[in-house]
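Asks: My structure is below; once you've seen it, I'll send some questions.
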Amino acid sequence: AQRVTQPEKLLSVFKGAPVELKCNYSYSGSPELFWYVQYSRQRLQLLLRHISRESIKGFTADLNKGETSFHLKKPFAQEEDSAMYYCALKRDSTLGRLYFGRGTQLTVWP
Amino acid sequence: NAGVTQTPKFQVLKTGQSMTLQCAQDMNHEYMSWYRQDPGMGLRLIHYSVGAGITDQGEVPNGYNVSRSTTEDFPLRLLSAAPSQTSVYFCASLGLGQGLTEAFFGQGTRLTVV
């Protein structure tokens, strides 16, 4: 079975501080991992996928297979980063189903 | 390119009423799904479909029906609304196959059952 765990429901930081949103997963195969973001009153949208190894809006996430983690990091948080962040797992590229964590609400204070 | 379109955006139902939430996508995606979003519960999968004529249950299917007669449309039917179905509903679509990994979401339907 697969599971995605986001241990923090709420996370608050001040502008300019580093931020790390934690995500751990359990799956015996080789999953694809994603971070989705939902800004206030907007639809969910893809932020990052692990296979791209990219930085989007200053965020990065590295897949650590040994620790089964995919933490989202940003060195200097901005107020516009305030949003709900969901970590998601996909078991196989041929399958569409995404397994979501419960989400972390990030608030960046001025 | 509209992406994923959901209607309505808001709906209030009385207990026992039925209704259909509409979802349409114009990206020719094989995979479509419905989630409900509740505080502290994240996104929970209700039903999904991997192509026209094929549907399956997700984590929380009770009280909901779906059908997929075309690639574009994936309506969600509430058979007899209950207050426990008060939630925000999201439809999502995804292309299947190598390199097609991004899910596209609708803007959501905020449903209140009184």
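Asks: Any idea how many residues of region A:1-21 are buried (at least 17 other Cβ atoms within 10 Å of the Cβ) and under 12 Å from A:Lys90 (Cβ atoms)?
Replies: Total meeting the criteria: 1.
Asks: Output yes when any residue across region A:7-19 is on the phi < 0 side of the Ramachandran plot, among the hydroxyl-bearing types (Ser, Thr, Tyr) and modelled with pLDDT under 95, and no when none is.
Replies: Looking through region A:7-19, none of the residues is on the phi < 0 side of the Ramachandran plot, among the hydroxyl-bearing types (Ser, Thr, Tyr) and modelled with pLDDT under 95.
Asks: Return the only residue of A:Gln78, A:Gln105 being out of contact with any Phe, Trp or Tyr (no Cβ under 7 Å at 6 or more places or on another chain) and closer than 23 Å to B:Phe104 by Cα.
Replies: Working: A:Gln78 fails: closer than 23 Å to B:Phe104 by Cα.
Criteria check complete, one pass: A:Gln105.
Asks: Considering only residues that are closer than 18 Å to A:Gly29 by Cβ and in contact with a Cys (Cβ under 9 Å, 6 or more places away or on another chain), look in region A:53-87 and name the one that is surrounded by the fewest Cβ atoms within 10 Å (Cβ to Cβ).
Replies: So in region A:53-87, the residues closer than 18 Å to A:Gly29 by Cβ come out as A:63-70, A:87.
Filter again for in contact with a Cys (Cβ under 9 Å, 6 or more places away or on another chain), leaving A:69-70, A:87.
Values: A:Ser69: 17, A:Phe70: 26, A:Cys87: 29.
Top of the filtered list is A:Ser69.
Asks: Within the group B:Met19, B:Met41, which residue is more than 11 Å from chain A (Cβ to nearest Cβ) and aliphatic (A, V, I, L, M)?
Replies: Working: B:Met41 fails: more than 11 Å from chain A (Cβ to nearest Cβ).
Just one listed residue meets the conditions, B:Met19.
Asks: Out of all the residues in region B:29-45, is one or more open to solvent by less than 60 Å² (accessible area, probe 1.4 Å), of a type in the set (Lys, Arg) and at pLDDT 95 or above?
Replies: Yes: one or more hits.
Asks: Does region A:22-42 contain at least one residue that is touching a Leu at 6+ places or on another chain (Cβ under 7 Å), open to solvent by 30 Å² or more (accessible area, probe 1.4 Å) and without any contact (Cβ under 8 Å) to a residue 60 or more places away in the chain?
Replies: No - not one qualifying residue is present in region A:22-42.
Asks: Of (1) in a loop (DSSP other than H, G, I, E, B); (2) more than 14 Å from chain A (Cβ to nearest Cβ), B:Asn28 satisfies all except one. Which?
Replies: (2)
Asks: Test each condition in (1) open to solvent by less than 30 Å² (accessible area, probe 1.4 Å); (2) in contact (Cβ under 8 Å) with a residue 40 or more places away in the chain; (3) within 9 Å of chain A (Cβ to nearest Cβ) for B:Cys91 and report the one that comes out false.
Replies: All conditions are met except number (3).
Asks: Mind listing whichever residues of region B:47-62 are more than 12 Å from every other protein chain (Cβ to nearest Cβ) and open to solvent by less than 40 Å² (accessible area, probe 1.4 Å)? Let's see the steps before the verdict.
Replies: From region B:47-62, those more than 12 Å from every other protein chain (Cβ to nearest Cβ) are B:52-53, B:55, B:60-62; that's our starting set.
Of everything in region B:47-62, those that are more than 12 Å from every other protein chain (Cβ to nearest Cβ) and open to solvent by less than 40 Å² (accessible area, probe 1.4 Å) turn out to be B:Val60, B:Pro61.
Asks: Give region B:63-84 a look and list any residue that's away from every other protein chain (no Cβ under 14 Å), closer than 27 Å to A:Arg41 by Cα and either free of Cβ contacts under 8 Å to residues at least 60 places away in the same chain or surrounded by fewer than 19 Cβ atoms within 10 Å (Cβ to Cβ) (or both), or say none.
Replies: First, the residues of region B:63-84 that are away from every other protein chain (no Cβ under 14 Å): B:63-67, B:69-70, B:72-73, B:75-84.
Pick out the ones that are also closer than 27 Å to A:Arg41 by Cα and you get B:63-66, B:72-73, B:75-78, B:81-84.
Matches in region B:63-84: B:Gly63, B:Tyr64, B:Asn65, B:Val66, B:Glu72, B:Asp73, B:Pro75, B:Leu76, B:Arg77, B:Ala82, B:Pro83, B:Ser84.
Asks: Kindly state which strands (runs of 3 or more DSSP E) lie completely within chain A and contain at least 2 residues that are among the acidic types (Asp, Glu) and either under 21 Å from B:Val88 (Cβ atoms) or more than 14 Å from chain B (Cβ to nearest Cβ) (or both). Show your work before the answer.
Replies: On the way: elements: A:3-5, A:10-14, A:19-21, A:24-26, A:32-38, A:45-49, A:72-74, A:83-90, A:98-100, A:104-109.
Strands (runs of 3 or more DSSP E) meeting the threshold: none at all.
Asks: What number of residues within region B:94-113 are surrounded by fewer than 19 Cβ atoms within 10 Å (Cβ to Cβ) and either touching a His at 6+ places or on another chain (Cβ under 7 Å) or not hydrophobic (A, V, I, L, M, F, W, C) (or both)?
Replies: Of the residues in region B:94-113, 8 are surrounded by fewer than 19 Cβ atoms within 10 Å (Cβ to Cβ) and either touching a His at 6+ places or on another chain (Cβ under 7 Å) or not hydrophobic (A, V, I, L, M, F, W, C) (or both).
Asks: Output the residues belonging to region B:1-19 that are in a strand (DSSP E or B) and open to solvent by less than 50 Å² (accessible area, probe 1.4 Å). Reasoning before the result, please.
Replies: First, pick out the residues of region B:1-19 that are in a strand (DSSP E or B): B:4-7, B:10-13, B:19.
If the condition is that a residue be in a strand (DSSP E or B) and open to solvent by less than 50 Å² (accessible area, probe 1.4 Å), then B:Val4, B:Gln6, B:Leu13, B:Met19 are the ones that fit.
The values are calculated or read from the model by the stated rules, or taken from the named source; none is laboratory data. The model shown is predicted, which means the values in this text are computed figures rather than measured ones. Don't worry about glycine lacking a Cβ; one is built from the backbone with ideal geometry, like all the others, and counts go over all protein chains shown. Note: areas computed on protein heavy atoms with side chains; ligands, DNA, RNA excluded. Shrake-Rupley method; radii C 1.70, N 1.55, O 1.52, S 1.80 Å.
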